[in-house]
Amino acid sequence: MGKLSRAALLYIGAVVVSAVVLVARGPFAGLRWQYVVFLGILVIVSESRATQLRQGQLTWSSSSAAMLASVVLVGPVGAAIVGACTALGLRRGPHLLQRVFNTSMYALSAYLAGRVFLAFGGHVGLPNEKSFPAIIAPFAAAALIHVAANHGLLSGVLWLTRPRDRMSSGSSGGGVGLSARLLLSDIGYAAYGLLMAALWSVVGFFAPLLVLIPLFVARWAVAQFAEQQKAYEATVGALCQAVETKDFYTRGHSDRVSRGSVMIAREIGMRSERVEAIGYAGMLHDVGKLGVPTKVLQKTGKLTEEEYAAIQLHPMRGLDIVREIGFLDEALAGIMHHHERIDGRGYPMGLAGDEIPEFARVLAVADAFDSMTSTRSYRGARPVAEAIEELRKWSGTQFDPAFVDAFVAALKREGWQRPEPQVIAADDLAAVTQDHDDPGAPIRVIDSL
Ligand SMILES: [Fe+2]
């Protein structure tokens with residue numbers, strides 16, 4: 001949290017004061033402290049090991065199950081104290097004010113859940129066989145309030161502390177998706193709270209262990225998956241960096257081709273695993289340039305036939321470099337064929353129409369568009385409208401018309417972040433290089449291929 005606005009501070013203050021007042025009012029008579037302490041320790045352990053979904057994003061932990069069990073076992077005040085134990089979590093990171101807010105938010109939502117449980121006829125204490133099914137309705141109402149209060153209070157603080165300059169960027173889509181998923185998972189976790197409370201009357205203090213051990217195992221698996229994703233991204237990032245170091249002229253190109261390809265993929269309704277794969281394909285489409293002599297890539301004069309042939313080999317070289325990377329899967333076909341043309345006059349195989357893998361046809365559109373809208377040594381960046389016109393012109397001969405249409409539709413809706421214009425030395429302006437991605441570049445057939 002940076003410097004907070006007055007509204008944000010007032011909001012945080014109101015949440016903290018409400019939590020403190022409600023807990024301080026009690027009543028504490030008859031509170032089963034041994035349960036409160038035990039469940040509080042569970043919350044501390046859960047919070048200390050909360051899974052990081054993505055760096056900088058929200059985290060989830062199984063502590064909500066323990067908090068909801070406490071709603072049944074120790075009532076609103078006890079549940080609020082259990083919720084407040086999040087303050088003692090050993091997870092590093094949160095700013096002190098953020099930690100105070102989180103603690104108050106959990107205490108408040110647990111308290112509200114406890115009140116709703118009572119209001120709907122729930123009885124505080126160990127549930128037994130006779131408690132079912134009557135306990136289900138009050139518990140479900142409590143769980144819903146618990147989740148709604150948590151997400152509502154959190155959304156409020158996020159809204160009040162959001163960076164002002166991002167207000168109209170429209171980039172919150174991912175965050176909304178993530179919040180919706182977290183909301184659903186929290187509602188799912190709520191059921192474990194009732195399970196824990198119900199098991200308590202049978203196995204006592206072992207109940208949380210029986211419930212939480214499988215949850216910890218599941219969470220460990222999710223954490224492994226997140227680690228794996230990070231390793232994938234690091235691998236792709238390192239390869240991209242290597243290409244762009246060698247061919248500095250196309251800095252950021254891989255990233256933008258990846259973004260453009262993902263826009264097309266989403267527009268045509270590709271399923272999410274394929275969208276992710278096409279993102280990787282975009283990042284790595286020119287990885288084969290690592291196998292092209294640097295002096296050819298950076299040459300500012302006219303290329304000889306031999307040099308041009310070396311450039312045309314880059315899709316094959318790309319496949320050679322990354323073919324053993326298992327997770328790339330369908331992305332490999334995109335890398336290998338991103339210079340094929342619908343009319344069969346592309347390379348390396350001269351495939352035509354539907355023979356060209358779908359990933360490659362998508363990449364070709366994003367690749368050419370970014371090439372046209374970026375500065376080249378022999379010309380300035382072309383305006384987006386002009387590049388769209390050019391895509392339309394070559395639609396059906398060089399590009400798949402369906403993907404050109406999809407890209408144009410996505411561009412109209414989402415816009416396009418153009419690269420920063422590069423400052424080009426006057427000497428370089430006079431020089432001519434071959435840009436193999438530029439659709440305006442004449443086709444050259446190399447006999448030796
Ligand atoms: Fe290429």
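Just so you know, all these numbers are worked out from the coordinates, no wet-lab data involved. Small disclaimer: the values here were computed from a predicted structure and weren't measured. In this analysis, Cβ positions are derived from the backbone assuming ideal geometry, glycine residues included, and neighbour counts consider all displayed protein chains.
For the reader, a short list of remarks on this structure follows.
- Taking Cα centre as origin and charging only the Cβ of basic (Lys, Arg, +1) and acidic (Asp, Glu, -1) residues, the dipole magnitude of region 189-311 rounds to 180 debye.
- Radius of gyration and maximum dimension Dmax of region 294-421, Cα, Å: 15.5, 43
- All lysines inside 29 Å of residue 289 as judged from Cα atoms, apart from same-chain residues fewer than 8 positions distant: 230, 246, 299, 302, 393
- Semi-axes of the equivalent ellipsoid for region 200-314, computed as √(5λ) from the eigenvalues of its C-alpha gyration tensor and ordered from largest down, come to 48, 16, 9 Å.
- Averaging Cα coordinates gives a centre for region 342-378 and one for region 242-300; these two points are 12 Å apart.
- Computed from backbone phi with θ = phi - 60° and the Karplus coefficients 6.51, -1.76 and 1.60, the 3J(HN,Hα) list for region 259-271 is 5, x, 5, 5, 4, 5, 4, 5, 4, 8, x, 4, 6 Hz; x is used for glycine and proline.
- For region 315-389, applying the loop criterion from DSSP together with a ceiling of 16 other beta carbons within 10 Å to the trypsin sites (Lys or Arg not before Pro) yields 323, 345.
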